[in-house]
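Just so you know, all these numbers are worked out from the coordinates, no wet-lab data involved. Everything quoted here is computed from the prediction, not taken from an experiment. For neighbour counting, all protein chains shown are included, and Cβ atoms are generated from backbone atoms with ideal geometry for every residue, glycine included.
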Amino acid sequence: MRVAPSALAVLALVSCAGAPASRSAALPAPTPAASAPPLSPLPSTAPTPSLAATPTNAPVAPRPCGALGCLAFPTAEAAFAYVLQSKPRILALGEAHAQEGTAGIRSSTRRFAEQLLPLLAGKAKHIVIELLVANCKQSTVAAVKQEQAPVTEHQAKSNQNEFLTLGKYAQRLGIEPQALSPDCGEYEAVVASGEDSVSRLLELVAAQTSKAVEQLLSQPDAAGNVILSYGGALHNDLYPRPEQATWSFGPKLAADSQGGYVELDLIVPEFVKDTAAWRNMPWFSAFDREHLSDEALLFRPAPGSFALIFPKTIPAPEKQL
């Protein structure tokens, strides 16, 4: 199926690693990105699990805020903690990748790394990140990037680097990151599919993520820990549109985890536009994009499916001369 580039804002990010691919692919090191400020520094040691039981981290009572089970929280952290109360076995996080011209607005990746990921210290050991690490000829990798270019050309140039940095954040918190590692034949199949190359790439991301999470589910040491995945808010759909079913790993992993799968989309409100891609989001009709909230909004369009809308961005104060 041919995919119209203008219809999608959530696609895979491609990275090439020189080392041979392994069952658990390591992430390449981040590269300097002049266009994006560094993420906030982490403390020298990760928070201990016992911190979750302190009064300052006690659950916050939300207030109803509209359709689709909307709940308003004073902070994104409080909304995230509410989702964690469902005790997911697999927490599949999705985002709409930041677009060009949004450098002054923190991306979902940054907010997740800085604000929400620390709440999972001691509760998760693994995070699968939507980065394709190619163990094949550079010409093949370049060809895949060329096929993907019509969709990614308007995304922020810092996106891939922020995904890599997210992996470093996770490591500091005792959460092991891993990338996706398709073999070269799978990459070459994307290039050979012509007009269907974007669709094949989306299918490849879904299949590789599913494979990686299934391997983690089968490990004895994974029992009792949340398995995390992080990528585009298309692949984690628990209830995908029929024409996009092969792009999502949600239904399969929900079955594999015996109903322990939770989909959580992380949305920066200023990124939401009145376009086909956004209108297809199940919570879009209940979200007032003309009047952004100071609170974090949590929608629940269906059982096991959440969307967390971050509070509106507060502009940084102008520096005095």
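Seen from Arg300, the other residues with C-beta closer than 12 Å to its C-beta sum to a net charge of -2, counting Lys and Arg as +1 and Asp and Glu as -1.
Between the beta carbons of Glu176 and Glu77, assuming R0 = 22 Å, the FRET efficiency works out to 0.45 to the nearest 0.05. Amide H to amide H distances under 5 Å link Ala233 with Glu95, Ala96, His97, where only residues 5 or more positions off or on other chains count and H is placed in the peptide plane.
FRET efficiency for the pair Glu214 and Gln146, taken as 1/(1 + (r/R0)^6) with r the Cβ-Cβ distance and R0 = 35 Å, rounds to 0.70. Potential lengthening of the chain between Gln85 and Ala255 amounts to 59.2 nm, from the contour at 0.36 nm per residue minus the alpha-carbon distance.
For region 266-312, the direction-averaged projected area of the alpha-carbon convex hull comes to 3.1 nm².
Taking the Cβ of Lys312 as the centre, find all other residues whose Cβ is under 10 Å away and add up their charges (Lys, Arg: +1; Asp, Glu: -1). After counting each charged neighbour, the total is -3.
Stretching Ala103 away from Asp294 to a fully extended chain increases their span by 66.7 nm, per 0.36 nm per residue minus the current alpha-carbon distance.
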